[in-house]
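The values are calculated or read from the model by the stated rules, or taken from the named source; none is laboratory data. Here the structure is a predicted model, which is why all the values come from computation and not from measurement. Every residue, glycine among them, receives a Cβ derived from its backbone with ideal geometry; neighbour counts consider all protein chains shown.
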Amino acid sequence: MYHSNTVYIIGDAKASQNNPITKKYSQFFVALVVDFQTDEIVDCECSSTIQLTNHFVKSLFIGEAMGNSLIEESIRKRYHGSSQKALLVAYRDAEYKYTQVKAALTKET
């Protein structure tokens, strides 16, 4: 389903204790499939309790480039769910992990 030049990255964060996501999953996760040649996010999913949340989060990420500061700005402006802070932290975690993976892949070639 995904091209061989893609990688799968998960970022995680703690959500607030009263958040249904915390009760169900213990943490908040955002999973990203990224084309490491272009840095484009080609697919995305998050730990959510409502399917609409997952669809909306996808719309914030798919087609954007990892490291693009507009992603965080878009989350702040458009995502007003109780997990906004957790989504930001999880994305930053995924971004950090992606830079490590990309550096390792670059060394291999």
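State which residue is nearest to the chain's Cα centre (by Cα) when the search covers only the range 71-109 and only residues that are part of a loop (DSSP other than H, G, I, E, B) and polar (S, T, N, Q).
Of everything passing the filter in the range 71-109, Ser83 is nearest to the chain's Cα centre (by Cα).
If a residue has to be surrounded by 18 or more Cβ atoms within 10 Å (Cβ to Cβ) and either more than 11 Å from Ala94 (Cα to Cα) or modelled with pLDDT under 95 (or both) to count, how many in the range 20-35 make the cut?
4
Condition test on Ala94, is it surrounded by 16 or more Cβ atoms within 10 Å (Cβ to Cβ), in contact with a helix residue (DSSP H, G or I) (Cβ under 9 Å, 6 or more places away or on another chain) and small (Gly, Ala, Ser)?
So Ala94 does not fit the description; no.
Could you give me the residue pairs with C-beta distances under 6 Å whose first residue belongs to the range 37-63 and is under 14 Å from Gln84 (Cα atoms) and without any contact (Cβ under 8 Å) to a residue 12 or more places away in the chain, whose second residue is β-branched (Val, Ile, Thr) and surrounded by 12 or more Cβ atoms within 10 Å (Cβ to Cβ) wherever it lies, and which are 6+ apart or on separate chains?
none
Quick test for you: out of Thr6, Thr38, pick the one residue that is closer than 28 Å to Glu108 by Cβ, modelled with pLDDT of 95 or more, more than 15 Å from the chain's Cα centre (by Cα) and not hydrophobic (A, V, I, L, M, F, W, C).
Checking each option against the conditions leaves just Thr38.
Could you check the range 27-36 and list, in sequence order, the residues that are under 21 Å from Gly67 (Cα atoms) and not in a strand (DSSP E or B)? Even if it seems obvious, please write down each step before you answer.
Initial filter on the range 27-36 (under 21 Å from Gly67 (Cα atoms)): 28-36.
Scanning the range 27-36 gives a single hit, Phe36.
Which one is surrounded by the fewest Cβ atoms within 10 Å (Cβ to Cβ) among residues in the range 37-50 that are among the hydrophobic types (A, V, I, L, M, F, W, C) and either in contact with a Cys (Cβ under 6 Å, 6 or more places away or on another chain) or farther than 15 Å from Asn68 by Cβ (or both)?
Ile50
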